Amino acid sequence: MGTPAIYYINIAFAWLLVLMSIWGYIAILRNKQQRWGFWWYFGFAWAFLGTSHILTLCGIASDVWYMLALRIGGYVLMVISVLSLMIRAVNREW
């Protein structure tokens, strides 16, 4: 039995979101001359999650401590990114 397609889909979307966050950061910086930390947190979160999916696809055991650290780190950074965007929205720093 082959590798489930969901692993490839997860990897593709994770790295697509990393590329989109780089593009978003550059676009905001170019158009508004502002540096939004949201894009950094968002990009690194998806990079952590994408890396964990790649390691899973490569056959690294899922119970290894660094796999857990990558996933937890990714989710923590995702929460931080959403909170930073919410703080910016509440303060109306658009």
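For helix 5-32, report the angle its Cα long axis makes with the longest principal axis of the Cα atoms of the chain; keep it between 0 and 90° and round to the nearest 10°.
Relative to the chain, helix 5-32 is tipped by roughly 20 degrees.
Highest mean first, what order results for 69-77, 39-47, 19-27, 83-91 on Cβ atoms within 10 Å?
Final packing ranking: 39-47, 69-77, 19-27, 83-91.
Any read-out appearing in this document is the output of simple, stated calculations on the displayed coordinates, not a laboratory observation. Treat the numbers as computed from the prediction; the structure is a model and nothing was measured. Reconstructed Cβ throughout: ideal geometry from the backbone, glycine too, with neighbour counts over all protein chains shown.
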